[in-house]
Amino acid sequence: MIFSQGIRTLVGDHRDQGTTAWLTPLASAGLDVNVCTTLGATLKHLADATPEVLVLDPLTRDCSVELTRIVELLDPAQCAILLVVDPVDPVPTIAAARILGAHTFDLIHRGAPAEEHQLRIEHLHERMCAHGDLAEARYRAMHDDLTDLLRPKAFNTRLFEHFSATQRHNLPMALVLMDLDSFGAVNKTYDHITGDRLIAEVGRTIGDFLRAEDVGGRVGGDEFAMLLPYTGRVDAAHVVQRIRQRIERVSSRLDTESPVNISTSIGFETYDGKDLESVTILRKHAELALKRAKAHGGNCGIYYRTPEEPDRLARTSAPIASR
């Protein structure tokens with residue numbers, strides 16, 4: 001990881017309602033922090049100097065005007081953007097996706113602690129640096145070649161980071177583990193090239209599905225994982241239902257002479273900062289839930305703590321609008 005030492009960070013605290021209080025202590029962690037409390041001041045600063053990361057807490061709910069004015073002054077290759085959003089309001093997320101398509105950006109929930117801001121800033125900076133040969137080699141070492149999701153070691157690192165943040169600040173999180181059903185039959189019926197294409201398509205499906213703050217990984221041959229910050233039991237069940245359905249539709253996108261039917265078994269567990277002793281237990285619970293999903297015939301998701309009808313929660317949950 002590229003640590004925060006010296007990262008030029010501009011904080012656009014346009015609401016002037018607390019973002020500065022969370023971020024200015026990060027200067028002691030090595031961030032080179034400047035703060036602007038109005039759009040005009042932010043634009044003037046950007047005209048004079050380009051930060052490596054811009055943290056923006058927009059004044060208006062529809063932040064389109066602010067973002068449009070700001071990106072006019074930014075080179076996507078030089079500055080990443082961390083947008084502060086309301087966790088229950090989809091409008092800023094939609095605006096960011098529309099306006100910041102060419103920029104490296106991430107979203108963080110309003111009120112997230114300083115440690116979470118630092119983590120996001122560091123990862124944005126790392127992504128921005130992924131253009132040089134050395135950084136590209138580092139990126140490839142962390143990401144799976146077929147799916148571009150994180151490799152197991154890198155995913156575990158992020159899991160430990162988010163578990164620690166949840167433990168300190170009681171921010172909910174969910175761990176979702178997925179295993180493709182009968183994948184061995186695909187390689188046997190077709191060939192390994194078809195199997196690789198299937199893995200790549202599933203990985204692309206997961207990557208497209210994730211929110212900016214989520215983390216996806218390929219943790220085995222046909223095994224995948226998702227780390228969902230700010231996500232409790234009910235929302236995690238919604239996510240499981242949606243991703244199960246999307247993976248089931250991957251079959252129709254493969255150009256093969258005969259249909260390749262694919263589905264996934266899913267196990268998931270949540271953590272609220274107090275109810276589990278360690279990240280090892282969190283992962284063990286998700287793995288046990290995955291085994292139960294397999295035992296129920298596959299193509300279902302099971303929450304570890306569901307005592308009866310264990311697949312009912314993930315089978316019947318309606319999709320959430322923000323996904």
Margin query: Quick check on this structure: which one of T166, T157 is outside the structural domain of P76 (by TED's automatic domain parsing), over 26 Å from P58 (Cβ atoms) and surrounded by 19 or more Cβ atoms within 10 Å (Cβ to Cβ)?
Written below: T166
Checklist line | Checklist (1) in contact with a Pro (Cβ under 9 Å, 6 or more places away or on another chain); (2) modelled with pLDDT of 80 or more applied to A102, failing item | finding: (2)
Next item on the list: Scan the range 37-91 residue by residue and report those that are among the aliphatic types (A, V, I, L, M) and assigned to a strand (DSSP E or B).
Entry: V53, L54, V55, L56, A80, I81, L82, L83, V84, V85
Next item on the list: Starting from the range 32-49, take each residue that is more than 21 Å from H117 (Cα to Cα) and assigned by TED's automatic domain parsing to the domain that holds E72 and list its partners that are in a helix (DSSP H, G or I) and of a type in the set (D, E, K, R), counting only C-beta distances under 9 angstrom and pairs at least six apart or across chains.
Entry: L43/R69
Check: Restricting the range 122-141 to residues that are surrounded by 18 or more Cβ atoms within 10 Å (Cβ to Cβ) and out of contact with any Asp or Glu (no Cβ under 9 Å at 6 or more places or on another chain), which is modelled with the highest pLDDT?
Finding: E122
Notebook entry, point to check: Looking at the range 173-193, is at least one residue modelled with pLDDT of 95 or more, surrounded by 16 or more Cβ atoms within 10 Å (Cβ to Cβ) and β-branched (V, I, T)?
Noted result: yes
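The values are calculated or read from the model by the stated rules, or taken from the named source; none is laboratory data. What you see is a predicted model, and the numbers here were worked out from it, not measured in a lab. Reconstructed Cβ throughout: ideal geometry from the backbone, glycine too, with neighbour counts over all protein chains shown.
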